[in-house]
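Input: a single structure, listed below in structure tokens.
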Amino acid sequence: MIFLDAAATTPVRREVLDAMWPYLTGEFGNPSSHHTLGEAAADALAGARSSIAAVLGCRAGEITFTSGGTEADNLAIKGIALARQAANPQLSRVVISAVEHPAVEESARYLERFHGFAVDVVPVDGEGLVRPEAFRAALRPETAVASVMYANNEVGTVQPIAELAALARGLGIPFHTDAVQAAGWLPLDTKALGVDAMSLSGHKIGAPKGCGLLFVRGRIRLEPLVHGGGQERGRRSGTENVAGAVGLATALTLAQARQAEERRRVAALRDMFIGAVLAGVPGAVLTGHPVDRLPSVASFCFPGTSGESVLLELERQGVVCSSGSACAAGSDAPSPVLTAMGIAPETAQTAIRFSFDAAVTEADLEAAAAAVLDAVGRVRALGG
Ligand code: PLP
């Protein structure tokens, strides 16, 4: 099997499992307990927090462990908006881009439905980019929080985050970015990016599912969403997932240590794959930005097919990929990300995303390109 669905999830890395193992077995303490077993767990949690802080260029106290990217996004959008509105009732708007993950989009819609906020959606261009002028135009004195994802999960377009963050911060508006897909591929230094909040998830980078984090700059107030024993400095109650935090720290450190050379190698393989598919499949359309895209994502529309039929045919040939985001898999509706980019709904329904990790080889992508040519040809011959 050639697994080209790494943007959906990745297997746990051996080093990550080894680092977690003690906290799943002998060192199983509750970090809030005051005996030695509890203290060992608290030390492990503190160690994980500091190594993540070193990668993100922030203070350990600015990191809140969560159950994943979805919870981190919810906490950022709802937590910042509600805390700011409590201090100043005029703050009643949220700015997001048109291509956000549902974890951000639905959090904003929740604020609209239940807390009277208005949601301002910044459009993207045909390549999925948020134009800084359009973003600036959406920011208003009443904006409580603004959020634009770092790299898109369906088409891989990378946003000019430092520029967007500077625009928001210049107006005193906290800026959040969902960096779930960026980890391992793009710089994550929160100071250099100038972001006030950033979400990450473990399972996209070789840690288990169910662990993630939210970075929030010290001065930003955050209303917790999960109430209870006051763990995580009161920002997220509940006994911490110690092994998950250790796994996340290990995976993040390994992913960000990836050398520029390795990133270039994967980007070159991606371009070779894109070139082979565009040259071999008549009418194939690359979606997303041709240059400002993740090294690990190649996404296309194949007009005259149904995405689902091509996926099935590819899987029969041993290539596993997806029609877009894993959360929308099986849905008949065209992807809102693609339609926001101006792609017609009937074309958007033919989308296929190939996403890989750093272990991908030239042979994998050559074989995958050949399978794509064959699969699209067969599906078209059968009438789509
Ligand atoms: N944000 C983006 C951009 C994602 O791709 C994903 C995962 O698909 C998430 C958030 C959600 O992360 P998790 O699966 O850890 O909840």
Exercise for the section: Identify all residues within region 352-384 that are open to solvent by 10 Å² or more (accessible area, probe 1.4 Å), within 27 Å of Gln159 (Cβ to Cβ) and not acidic (Asp, Glu); write none if there are none. Expected result: Ala358, Ala359
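Please pick out the residue among Lys204, Lys209 that is surrounded by 18 or more Cβ atoms within 10 Å (Cβ to Cβ), within 11 Å of the ligand (Cβ to nearest atom) and closer than 22 Å to Ser325 by Cα.
Values: Lys209 fails: surrounded by 18 or more Cβ atoms within 10 Å (Cβ to Cβ).
On inspection, the qualifying residue turns out to be Lys204.
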Problem - In region 10-37, the residues that are open to solvent by less than 30 Å² (accessible area, probe 1.4 Å) and either within 16 Å of the ligand (Cβ to nearest atom) or assigned to a loop (DSSP other than H, G, I, E, B) (or both) - result: Thr10, Val16, Gly29, Pro31
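I want to confirm something. Restricting to region 212-224 and keeping residues that are at pLDDT 95 or above and open to solvent by 60 Å² or more (accessible area, probe 1.4 Å), which single residue is nearest to the ligand (Cβ to nearest atom)? Before the answer, list the steps.
Taking region 212-224 as the starting set, the residues that turn out to be at pLDDT 95 or above are 212-218, 220-224.
Then keep just the ones that are open to solvent by 60 Å² or more (accessible area, probe 1.4 Å); that gives 221, 223.
Numbers: Arg221: 23, Glu223: 20 Å.
Going through the qualifying residues, I end up with Glu223.
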Practice task
Would you mind finding the one in Ala48, Ala40, Ala54 that is modelled with pLDDT of 95 or more, open to solvent by less than 10 Å² (accessible area, probe 1.4 Å) and farther than 30 Å from Glu366 by Cα?
Solution key: Ala48
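Mind checking which residues of region 325-384 are acidic (Asp, Glu) and not in a helix (DSSP H, G or I)? Please lay out each step first, then the result.
Residues of region 325-384 acidic (Asp, Glu): 332, 346, 357, 362, 364, 366, 374.
Selection gives Asp332, Asp357.
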Practice task
Quick one: Glu133 ticks every box in (1) out of contact with any strand residue (DSSP E or B) (no Cβ under 6 Å at 6 or more places or on another chain); (2) among the charged types (D, E, K, R); (3) within 16 Å of the ligand (Cβ to nearest atom) except a single one, so which number is it?
Solution key: (3)
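Specify which of the listed residues (Ala182, Ala144) is within 12 Å of the ligand (Cβ to nearest atom) and small (Gly, Ala, Ser).
On the way: Ala144 fails: within 12 Å of the ligand (Cβ to nearest atom).
Residue meeting the stated conditions: Ala182.
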Practice task
State whether one or more residues within region 279-300 are assigned to a helix (DSSP H, G or I), open to solvent by 50 Å² or more (accessible area, probe 1.4 Å) and at pLDDT 95 or above.
Solution key: yes
Practice task
Kindly state which helices (runs of 4 or more DSSP H) lie completely within region 100-183 and contain at least 2 residues that are surrounded by 23 or more Cβ atoms within 10 Å (Cβ to Cβ) and either aliphatic (A, V, I, L, M) or out of contact with any Lys or Arg (no Cβ under 6 Å at 6 or more places or on another chain) (or both).
Solution key: 102-115, 161-170
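The values are calculated or read from the model by the stated rules, or taken from the named source; none is laboratory data. The shown structure was predicted, so the numbers you read here are calculated from the model rather than taken from an experiment. Positions of Cβ are generated from backbone atoms using ideal geometry, with glycine treated the same way; all protein chains shown enter the neighbour counts. Accessible surface is based on the protein model in full, side chains and every heavy atom, while ligands, DNA and RNA are left aside. Shrake-Rupley method; radii C 1.70, N 1.55, O 1.52, S 1.80 Å.
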